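The structure appears below as structure tokens.
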Amino acid sequence: MKFRLPSCAAILVAIISTFASVDASAQKGEKSVGLRAGFTTRNTTATAGLYFSYRFSDHFRIAPKIDYAFQHNSTDAFAINFDTEYPIALGASRRVNFYPIAGLNFSTYNTHYTVENEDESLDSSHRTNHLGINLGAGLEYFATPTLRLALESKCLFVKQYTGGWFSLSIGYRF
């Protein structure tokens, strides 16, 4: 009896059939955690952050998020969001979901000032804290049973600091 290695085509078919049969549907108790990067229109700068989500049912999950807006135009920001998301599966495979977002926001904005006079230059800053609300939408794709990719767009309605936040995220789903 001769032992024969499987051909590349057979291996490729096995891999594709494994991923094609993966059920990416959501389950109660599903959690995900990951990294976010994006852009805010408030001070036209880059953002970075972390997220966690917990699914209570097929169509409801909570998603706390922490984001930092890098300093630009003498202002930086730190935002803590407690969002609720309402995923709606698109297609029979349930690997792509659209989700409306609604939530609460606590933001702290730091504005930096430079005061120059004849003798010296002084740097100072002024921090303001605000509560607000978030409204937006997102689109997520489950590339594998454990890999979640998402695109999100939302508006933070905060007194004197209202602006759009756009982000891409990658996360681990468990």
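The values are calculated or read from the model by the stated rules, or taken from the named source; none is laboratory data. From a predicted model like this one, the values you see are computed outputs, not experimental measurements. So basically every Cβ, Gly included, is an ideal-geometry build from the backbone, and we count neighbours across all protein chains shown. Areas reflect the complete protein model, heavy atoms only, side chains present, ligands, DNA and RNA absent. Shrake-Rupley method; radii C 1.70, N 1.55, O 1.52, S 1.80 Å.
Structural remarks
- THR144 meets all of the listed conditions (1) among the polar types (S, T, N, Q); (2) at pLDDT 90 or above; (3) part of a strand (DSSP E or B) but one, namely (3).
- Condition check for GLU140: touching a residue at least 24 places away in the same chain (Cβ under 8 Å), farther than 18 Å from THR45 by Cα, acidic (Asp, Glu) and in contact with a strand residue (DSSP E or B) (Cβ under 8 Å, 6 or more places away or on another chain): yes
- Matching residues, the range 63-75, being surrounded by 14 or more Cβ atoms within 10 Å (Cβ to Cβ) and either more than 17 Å from ALA37 (Cβ to Cβ) or without any contact (Cβ under 8 Å) to a residue 12 or more places away in the chain (or both): PRO64, THR75
- Considering PHE78, PHE60, PHE39, the condition of being more than 16 Å from the chain's Cα centre (by Cα), among the aromatic types (Phe, Trp, Tyr) and surrounded by fewer than 18 Cβ atoms within 10 Å (Cβ to Cβ) is satisfied by PHE60 alone.
- Within the range 143-174, restricting attention to residues that are of a type in the set (A, V, I, L, M) and open to solvent by 50 Å² or more (accessible area, probe 1.4 Å), the residue that is farthest from ARG42 (Cα to Cα) is LEU147.
- Scan of the range 36-88 for residues that are among the hydroxyl-bearing types (Ser, Thr, Tyr) and out of contact with any strand residue (DSSP E or B) (no Cβ under 7 Å at 6 or more places or on another chain), ordered by number: SER57
- Residue match in the range 113-133 (condition: in a strand (DSSP E or B), open to solvent by 30 Å² or more (accessible area, probe 1.4 Å) and among the acidic types (Asp, Glu)): yes
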